[in-house]
Every structure is written in C-alpha cells, then in structure tokens.
Amino acid sequence: MFQTIDPKQLNKNVFSLLEEQWMLITAGEETKFNTMTASWGGLGVLFHKNVATIYVRPQRYTFEFLEQQSEFTLSFFDVSHRPALQLLGSKSGRDTDKIKESGLTPITTGTTTPYFEEAELVLVCRKLYAQDISPEGFIDPSLHSFYEKKDYHRMYIGEIVQAFTK
Ligand SMILES: Cc1cc2nc3c(=O)[nH]c(=O)nc-3n(C[C@H](O)[C@H](O)[C@H](O)COP(=O)(O)O)c2cc1C
C-alpha cells in the first residue's frame with residue numbers, strides 16, 4: 001500500500017526514473033481523465049518549492065486535460081510495467097480506451113486527479129507555471145530537429161504537493 005512521504009525522502013535517481021522507467025502524466029478527474037507516457041522532465045527546486053517539470057506537445061489528448069485542470073499526477077513504475085507504458089505512449093486516449101487496454105488500475109485515494117495502483121512512486125503536482133518552448137531560445141541549432149512540425153512542447157512546472165511510495 002502507498003505511504004505518504006516528504007519529497008526530500010526520495011532516494012531514487014532522477015535520470016533512471018525518467019529515461020529508463022518513464023512515467024505516466026495523468027490529468028483530469030475520476031470520471032474523465034487521460035494519461036500518457038513521458039520521459040522528458042525534471043525534479044528540482046524553484047520558487048522555494050519542490051517542483052516537477054514536464055514537457056507536453058500540444059497535439060496530445062492529455063494536453064487538453066492539463067490545460068483545464070489545476071493539478072496533474074506523475075506515476076512511476078518498475079520495468080515490469082513497461083509494455084503498459086509503451087501502449088499508453090503510442091496510442092491516444094482520443095481514439096481508444098487505452099487505459100483499460102493497458103491493464104493498469106486508476107485510483108483516486110487521497111487525491112482528485114487519478115494515479116495508478118501499480119505505481120511504485122506517485123507525485124501529485126499543482127500547476128505553478130506553463131510556457132511553450134520557443135525556437136528563439138534555441139542556442140544549439142540542432143534543437144530544431146525535434147520540431148519539424150513546429151509542435152513545441154508546453155513546459156509545466158508543478159509544485160509537488162503530495163508524494164506516495166510503497
Ligand atoms: C518512452 C516515451 C516517452 C514519451 N515522452 C513524451 C514526452 O515527454 N512528451 C510528450 O509530449 N510526449 C511523449 N511521448 C509520446 C506520448 O506518450 C504519446 O504521443 C501518447 O500516445 C499521447 O497520448 P494521448 O494523446 O492519449 O495524450 C512519449 C512516448 C514514449 C513511448
């Protein structure tokens with residue numbers, strides 16, 4: 001079962017968490033929400049708060065929920081759940097009930113925004129700041145190669161207001 005922890009107690013390597021384990025970004029409410037796999041992001045400190053940063057392209061269905069809601073959750077899993085994350089990162093919730101298909105179990109114990117029973121770490125984040133990645137800011141011109149369709153990610157910085165681990 002999940003236990004609430006102080007984010008300062010987190011003893012995971014952030015690079016492994018994001019690049020190897022990946023995460024699910026979930027936004028919405030129990031009756032209507034969406035989730036997607038992400039591996040770009042960060043955990044850190046800003047505005048004297050513990051924060052998580054995520055980067056979401058505007059065509060994602062999850063983007064619509066992120067725009068409407070004041071919070072989002074990040075769920076991290078052990079590698080045994082990689083097939084589910086692969087599925088949730090390759091299909092859109094606009095077209096299919098991919099969450100049901102993934103076999104993962106959404107729950108809202110102690111939160112408004114759903115997260116997943118099978119996760120080993122969950123961060124509940126309150127949106128503080130959002131801004132689109134802008135090509136004017138590209139110092140390394142190779143960054144343009146990520147945006148042939150000009151679908152610049154929106155960066156969301158959220159205060160970590162709750163953290164659950166098992
Ligand atoms: C490993 C992995 C990492 C991903 N990271 C991101 C990311 O950081 N930002 C993003 O916008 N999309 C990312 N995606 C793509 C979305 O997960 C994918 O487009 C998904 O189908 C969107 O679902 P939705 O339309 O239901 O929101 C990633 C996909 C995978 C498989």
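The values are calculated or read from the model by the stated rules, or taken from the named source; none is laboratory data. Values in this document were obtained by computation on a predicted structure and should not be read as measured data. Please note: Cβ atoms are built from the backbone with ideal geometry, for glycine as well, and neighbour counts cover all protein chains shown. Areas reflect the complete protein model, heavy atoms only, side chains present, ligands, DNA and RNA absent. Shrake-Rupley method; radii C 1.70, N 1.55, O 1.52, S 1.80 Å.
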Open item on the list: I'd like to verify a number: residues in the stretch 22-46 that are of a type in the set (G, A, S), surrounded by fewer than 22 Cβ atoms within 10 Å (Cβ to Cβ) and more than 7 Å from the ligand (Cβ to nearest atom), how many?
Closed with: 2
Open item on the list: One residue is enough: does the stretch 2-16 have a residue meeting the conditions in contact with a strand residue (DSSP E or B) (Cβ under 7 Å, 6 or more places away or on another chain) and within 13 Å of the ligand (Cβ to nearest atom)?
Closed with: no
Open item on the list: Of the residues T96, T105, only one is among the β-branched types (V, I, T), without any contact (Cβ under 8 Å) to a residue 60 or more places away in the chain, within 11 Å of the ligand (Cβ to nearest atom) and surrounded by fewer than 17 Cβ atoms within 10 Å (Cβ to Cβ); which?
Closed with: T96
TODO: Being open to solvent by 10 Å² or more (accessible area, probe 1.4 Å), small (G, A, S) and outside any strand (DSSP E or B) is the filter here, so list the residues in the stretch 115-137 that pass it.
DONE: S134, G137
